[in-house]
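The structure appears below as structure tokens.
The values are calculated or read from the model by the stated rules, or taken from the named source; none is laboratory data. The structure presented is a predicted model; accordingly, all values stated were derived computationally and were not measured. Neighbour counts are summed over all protein chains in view; Cβ atoms, including those assigned to glycine, are modelled from backbone coordinates with ideal geometry.
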Amino acid sequence: MHRFEFSTELETGNEDIDSHHQTLFAMANEILFSAEMEGSPEQFRRAVTFLVSYLEYHFASEEMAMLELRYTSRRFHAAFHDHIRRQAKEIAKSLGRKDGFEETRSAIFFMLEDWAVYHVPGADRQLAAYMREQTPSEKRPRLPDIHPRTPSPVTLHPMPVGVAGHA
């Protein structure tokens, strides 16, 4: 197992995408190589859960950009995201097992290795190039700023008497 290092081979040329990738690598390296993680199952569980959440945030950001820009390779690109999502869900399920620390670490490593080797240098670079082409020259191509929706207040209106299903 090796550390994940951001390099020119993995650089997409999009500041936001590259920043997300660097964050994912730093999180993965902390999970994979920190002695504290092995000694604290709860800290390990929280770190893995956060990594999976951040991975979903990253994929959702790219997918929103692809929709907004009408990216023609969106379905192919998102299909690989879905492949990684399925692996991430399996990893999250494995967190409850007491003897699963090494197995979970290995699964995280191979999931991210798969993504870094097969997806980032090809599909993410193509997306970044498309974003540059579709963005006016005076602007920097950005991923959409995604925030969780705040639930809107729900106003309950009483149903009038005599409406079907109400007495």
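Some points to look at:
- No other residue among D114, D124, D82 is crowded, with 20+ Cβ neighbours inside 10 Å and among the acidic types (D, E) apart from D124.
- In segment 1-40, of all residues being farther than 30 Å from R140 by Cα and among the hydroxyl-bearing types (S, T, Y), the one that is modelled with the highest pLDDT corresponds to S34.
- All positions within segment 1-28 that are surrounded by fewer than 18 Cβ atoms within 10 Å (Cβ to Cβ), small (G, A, S) and in a helix (DSSP H, G or I): S19, A26
- Helices (runs of 4 or more DSSP H) fully within segment 29-105 counting 1 or more residues that are under 22 Å from V117 (Cβ atoms) and of a type in the set (D, E): 41-68, 74-94
- Among residues of segment 112-144 being among the basic types (K, R) and at pLDDT 90 or above, the one that is nearest to the chain's Cα centre (by Cα) is R125.
- Selection of first residues in segment 121-135 that are touching a residue at least 24 places away in the same chain (Cβ under 8 Å) and under 17 Å from Q22 (Cβ atoms) and of second residues that are of a type in the set (S, T, N, Q) and not in a helix (DSSP H, G or I), restricted to Cβ pairs under 6 Å at least 6 apart or on distinct chains, gives the following pairs, ordered by first then second residue: D124/T12; R125/T12; A128/T12; A128/N14.
- Segment 58-71 residues that are among the acidic types (D, E), paired with ones that are assigned to a loop (DSSP other than H, G, I, E, B) and crowded, with 19+ Cβ neighbours inside 10 Å (beta carbon under 8 Å, 6 or more apart): E62/L143
- Summed over segment 15-26, residues that are over 11 Å from H58 (Cα atoms) and either among the charged types (D, E, K, R) or in contact with a Pro (Cβ under 6 Å, 6 or more places away or on another chain) (or both) total 1.
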